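Participant: Got a structure for you, written out below as structure tokens; questions coming shortly.
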């Protein structure tokens, strides 16, 4: 199955974490990156608006798109949340295998939270 990246934006860090956590916990996505500090300018109901937002990048498989979209709609505060999918044309095979394993609903692994953030070093 083909890997995809689903993007959505939210208005608060709390909502970003809630959506990200649920997508990973439900095994709909392997990883969700939360990118703060975005500035969005858009047209809504006849007006030009500007807001600060956070961008979520959700790594998953094509077959999980509908579930990811449903989770976003369930938990999102926006009347019309952005939900876009981009196909992955190439990727490191080890990463793609890990991604597929993370969304495998039949895999036997614990769904425990690691409350500490992992720091990555160069």
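The values are calculated or read from the model by the stated rules, or taken from the named source; none is laboratory data. Only a predicted model underlies this, so the values are computations on that prediction, with no experimental measurement involved. So basically every Cβ, Gly included, is an ideal-geometry build from the backbone, and we count neighbours across all protein chains shown.
Participant: Does any residue of region 43-64 turn out to be in contact with a strand residue (DSSP E or B) (Cβ under 9 Å, 6 or more places away or on another chain), surrounded by fewer than 17 Cβ atoms within 10 Å (Cβ to Cβ), assigned to a helix (DSSP H, G or I) and modelled with pLDDT of 95 or more?
Facilitator: Taking every residue of region 43-64 in turn, at least one turns out to be in contact with a strand residue (DSSP E or B) (Cβ under 9 Å, 6 or more places away or on another chain), surrounded by fewer than 17 Cβ atoms within 10 Å (Cβ to Cβ), assigned to a helix (DSSP H, G or I) and modelled with pLDDT of 95 or more.
Participant: Residues of region 1-32 being loosely packed, with under 13 Cβ neighbours inside 10 Å and closer than 17 Å to residue 84 by Cα, which ones? Break it down stepwise before answering.
Facilitator: In the first step, residues of region 1-32 are kept if they are loosely packed, with under 13 Cβ neighbours inside 10 Å; the result is 1-2, 12-14, 25.
If the condition is that a residue be loosely packed, with under 13 Cβ neighbours inside 10 Å and closer than 17 Å to residue 84 by Cα, then 2 is the only one that fits.
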